[in-house]
Amino acid sequence: MRVTGILWAAALLLVGFVMVWPTLGGMIAVNDDIKFVRVPAHGQSLAQQVGDAWRNSPSFRPLELLVASGCDERSLACPRAAWVQAAGLALLATAIVAMARIVMPGEAWLAPLAIIWVTLSPGTTCAAWQVDAGSQTWSAAL
């Protein structure tokens, strides 16, 4: 029982840290993300951008367009991206708990251990900093 409590505390601290670090670190769009922040259609409404992406983009990602629409085109600051990723990570952790209960019912230590494992993975920590990874985080969660 005590080990499970320690695992839960560690899991919650890790998830919380990964959720807030991009905001505290001053998240900005870089490399790949810039294509969403500085799209040629940036002057268009979000609905027009999504429609254009649906018709012309080889990879249709409306969530990234939504996130990028909240980014500053000059400073590349993306405060909305961190919140979308944090919500996706919270949903992912919730899904892990549900899956752990199905896979090994009665083993309370499995869910926090799995959350720690997923939270420490490079894919998760890198995605928390990326504007264009919102759909990946949310797809994993769903």
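Conditions tested, residue by residue: (1) at pLDDT below 85; (2) over 20 Å from the mean Cα position of the chain (by Cα).
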| site | (1), (2) |
| --- | --- |
| Met1 | yes, yes |
| Leu7 | no, yes |
| Ala11 | no, no |
| Thr23 | no, no |
| Gln44 | yes, yes |
| Gly51 | no, yes |
Residue list for region 86-142, restricted to those being open to solvent by 70 Å² or more (accessible area, probe 1.4 Å), in a helix (DSSP H, G or I) and either more than 20 Å from Phe36 (Cβ to Cβ) or among the hydrophobic types (A, V, I, L, M, F, W, C) (or both): Thr94, Met99, Arg101, Ile102, Val103, Leu113, Trp117, Leu120, Pro122, Cys126, Trp138
Gly70: passes all of (1) assigned to a loop (DSSP other than H, G, I, E, B); (2) exposed (fewer than 14 other Cβ atoms within 10 Å of the Cβ); (3) within 17 Å of the chain's Cα centre (by Cα) but (2)
Any residue at all in region 12-29 that is free of Cβ contacts under 8 Å to residues at least 60 places away in the same chain, assigned to a helix (DSSP H, G or I), of a type in the set (Gly, Ala, Ser) and open to solvent by less than 20 Å² (accessible area, probe 1.4 Å)? no
Spot the failing condition for Gln136; the list is (1) over 23 Å from Ala9 (Cα atoms); (2) in contact (Cβ under 8 Å) with a residue 40 or more places away in the chain, and only one is missed. (2)
Do you know which of the residues in region 50-65 that are part of a helix (DSSP H, G or I) and not aliphatic (A, V, I, L, M) is surrounded by the most Cβ atoms within 10 Å (Cβ to Cβ)? Glu64
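The values are calculated or read from the model by the stated rules, or taken from the named source; none is laboratory data. Here the structure is a predicted model, which means the values were calculated and not measured. A quick note on method: Cβ atoms are made from the backbone with ideal geometry, for glycine too, and the neighbour counts reach across all protein chains shown. We work out accessible area using only protein heavy atoms, side chains counted, and drop any ligands, DNA or RNA first. Shrake-Rupley method; radii C 1.70, N 1.55, O 1.52, S 1.80 Å.
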